[in-house]
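Here's the structure we're looking at; comments come further down.
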Amino acid sequence: LLQRLAILVLSLGAVACSTTDSLYNGRGSVINAGFNSTDSKVDYEYSESTTSGTTTKKIAANWNANDRLVVYAGSVSASTKSNPVYTLSDGGGTKSATFKGGQLQGTLTEGTTPLYAYVEKTGQTINESNSTVTVDFTGQTGTLADATSRDVLFGTTTYSTAGVNVGFNHLMAIVRLNLTLPKAGNCSITLQNEDPNYSTGNYDGRLYSSVTLDATTEALKSGTKAMTLSLNGNVAVTAGSNVFYV
């Protein structure tokens, strides 16, 4: 949802990627998750004023010990939520990991019942009463951990006793800012929407201060469009290279 942004003299863009995880063992007591050598949890792309043109880089594809997976069967509601949620049992810090502990709830019909899966994040709110996911982009600190907590990982498939594959889509994008500064101090860091059609509301770029997504279709239900999005307060910087994520 972050496209055509600018900060200082840098023109930035961001793209999303998808990964594939697997849900096995009947009602789902184990999830085997993994990334191949070319995938990562988040992709980002940015352009620099250099002879090399556009450079694409990736954030390492490692599962973390605090990653949790929640799966809903049939609909996103309290009665259809996997119980308990899946937690990482092996493979933390690597590209392949195993999640255990969850049992699918509700009515399960072979090849028919839809499954909705999320990587549970502390920076998001899943409202099971109206089947939405809300993310707040204000107050960002610029750390990678804070930025990834606002990245919605959503996947859907149908139930199968033989095992199912869930492709997780990144519905948010992370922009990596590498700022080289002449001296240390404190400064404000702001992304600015430079789309010329912003004032009319008919622009392609999407910069929001918050969004609410449909938890079963991943579509944008509502959002507060923003002309700018700033990191929280005055940010301490050093002389030389400073890296921030938004």
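The values are calculated or read from the model by the stated rules, or taken from the named source; none is laboratory data. Note that the structure is predicted; figures quoted are calculated from it, not measured. Protein only, heavy atoms only, side chains kept; ligands, DNA and RNA dropped before computing areas. Shrake-Rupley method; radii C 1.70, N 1.55, O 1.52, S 1.80 Å.
The HN-Hα couplings worked out from phi for the range 223-236 by the Karplus form 6.51 cos²θ - 1.76 cosθ + 1.60 (θ = phi - 60°) are x, 9, 5, 10, 7, 9, 9, 10, 5, 5, x, 7, 9, 6 Hz, whole numbers, x standing for Gly and Pro. Stretching the chain fully between A219 and N62 yields a gain of 53.8 nm (0.36 nm per residue, less the alpha carbon separation).
Measuring with a 1.4 angstrom probe and ignoring ligands and nucleic acids, E120 comes out at about 60 Å² accessible. Here's how it looks for M172: its modeled amide H is under 5 Å from those of V152, which are all 5 or more places away or on a different chain.
Ranked from largest to smallest solvent-accessible area, with a 1.4 Å probe on the protein heavy atoms, D90, D67 come out as D90, D67.
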